[in-house]
Amino acid sequence: MLVLLKHEILVLFFGIALSLSSAQSAPQSTGTSNPTPPAAKGNHARKVARTLSPDDGLAVIAAALDSKGLRYSEHDCSHLVHAIYERAGFPYVYVDSDDLYDGVEGFQRVMHPQPGDLIVWHGHAGIVVRPSRHVFFSFMSAGPGIDNYEAPYWVGRGQPRFYRYVKSDPCPGCNSARATLRQTPNAR
């Protein structure tokens, strides 16, 4: 059964990769609600948040599918999701699924998920794998696996929310390093 599940996950992954590679020539929306281009606003333009691209989403899914050697301290959904995002190169400060559901810094709520986005209910979190088929990856009762978020169990948990990672800091950790240098008296 585990071999069949891994086979289904691989088929889903390659199906997504093929559909995204054919869609790359079309312009991609980042999911931001800012209709005015920054150039049209003059020098006072607000910085537009850069969210995960479809290729970045595939990196998140690849990290999820390669979760065999993934190390995370707790065997639950929010720790698994956090470890997967870190492995894919998109770190964020750990929070539980209830906090993710309410919205946290580093994620932008979206109405139309793409592969690699978070799917969150109160008390459960996962990663969208194939939105057209409502497939997501998470820590299930039998361990990491996939399921349909429109299955009766998940529908019974209420309306999920979808969040996309925001790539706002081109140099994660640089601000904390700069702060350390400022606090050190002989750092200059």
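Just so it is clear, none of the values below were taken in a lab; they were calculated from the coordinates. Quantities reported herein were computed from a predicted structural model and do not represent experimental measurements. Don't worry about glycine lacking a Cβ; one is built from the backbone with ideal geometry, like all the others, and counts go over all protein chains shown.
Local charge for Ala88 was computed over the other residues whose Cβ lies under 14 Å away, with Lys and Arg +1 and Asp and Glu -1, and equals -2.
Residues in the range 91-101 carry Karplus couplings, in order, of x, 8, 6, 4, 9, 7, 5, 5, 5, 4, 4 Hz; the curve used is 6.51 cos²θ - 1.76 cosθ + 1.60 with θ = phi - 60°, and Gly or Pro positions show x. For Asp66 and Ala142, what is the calculated FRET efficiency with R₀ set at 30 Å and r taken between the beta-carbons, to the nearest 0.05? Here the calculated transfer efficiency is 0.95.
Mind giving me the nanometre distance, one decimal, between the label points for Arg133 and Ser168, set 7 Å out from Cα along Cα→Cβ? Roughly 3.5 nm, to one decimal. Measuring r between the beta carbons of Tyr153 and Glu105 and using R0 = 35 Å, the FRET efficiency lands at 0.70. Modelled spin-label separation between Arg50 and Val93, with each label point placed 7 Å from Cα along the Cα-to-Cβ direction: 2.3 nm.
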